[in-house]
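A short write-up of the structure that comes next.
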Amino acid sequence: MATPLRALIVEDSENDCILLLSTLRSGGYAIEHKRVDTAAGLKATLDDPWDIVISDFSMPGFRGTDALAMVRERGLDVPFIFLSGTIGEEMAASAMRAGAQDYVIKGNVARLLPAIERELREAGARREKKQVEHRLRQLEKFEALGKLAGGVAHDFNNVIGAIMGWAEIGADRVAEGSQEGKLFRKIGDQARRAAGLTRQLLAY
């Protein structure tokens, strides 16, 4: 079964794009793609969810390094591979330092498909790591909230205990069945109810 792949192709040659798509399909990918060859065209597509960007290095009026810069400035963590017949070793090294994942010479199918597979796998690992880190941050927030709630509940429980104690003393110092005694007992009952709520908060 073919693997779905959403590929943004930065390429001025339609024929080269057709050859690339043929190579990807022969490698087992079901391609959803868009080809752009200008800065405006690339900018208009960057909000779409791409799995990979494959770019020519040298195009009339638009350089591959400019495309790379636009992708990275947008903060997109999507694999970016240069596919060119003109890139040299020095320029390739410079492109890698600027944020490209790899470069492949056009026509080198034996190197292109493994490079794509590797970068897709590593991008998936990066996404999974970010998700784990996000979950850990959420757990840390809940832990801090729990500690805060526990501290507040503990202090509140101490206050309630004092109220219950004073209510009991007050009830003992007035006549049995008096209106004041009933008020002190109501205060004690409400304090015990509040104590039950703080126990629930502490358990949470």
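Close contacts from segment 64-75, counting a first residue that is touching a residue at least 40 places away in the same chain (Cβ under 8 Å) and a second that is outside any helix (DSSP H, G or I) and open to solvent by 50 Å² or more (accessible area, probe 1.4 Å), with Cβ to Cβ under 8 Å and a gap of 6+ residues or different chains, come to G64/S58. Scan segment 131-160 residue by residue and report those that are at pLDDT below 85 and surrounded by 12 or more Cβ atoms within 10 Å (Cβ to Cβ). Result: G146, A149, G150, V152, A153, H154, F156, N157. Of the residues A167, A194, the single one that is surrounded by 11 or more Cβ atoms within 10 Å (Cβ to Cβ) and touching a Lys or Arg at 6+ places or on another chain (Cβ under 8 Å) is A167.
Return yes or no: is T3 surrounded by fewer than 20 Cβ atoms within 10 Å (Cβ to Cβ) and at pLDDT 95 or above? Against the criterion (surrounded by fewer than 20 Cβ atoms within 10 Å (Cβ to Cβ) and at pLDDT 95 or above), T3 does not qualify.
Per the listing S94, S84, the residue uniquely under 16 Å from S13 (Cβ atoms) and not basic (K, R) is S84. In segment 170-180, the qualifying residues are those that are open to solvent by less than 70 Å² (accessible area, probe 1.4 Å) and out of contact with any Lys or Arg (no Cβ under 9 Å at 6 or more places or on another chain), and the one that is nearest to A144 (Cα to Cα) is G170.
Of all residues in segment 186-198, one or more are in a helix (DSSP H, G or I) and hydroxyl-bearing (S, T, Y).
The values are calculated or read from the model by the stated rules, or taken from the named source; none is laboratory data. Remember, predicted model here, so these are calculated numbers, not experimental data. Every residue, glycine among them, receives a Cβ derived from its backbone with ideal geometry; neighbour counts consider all protein chains shown. With ligands, DNA and RNA removed, areas are computed over all heavy atoms of the protein, side chains included. Shrake-Rupley method; radii C 1.70, N 1.55, O 1.52, S 1.80 Å.
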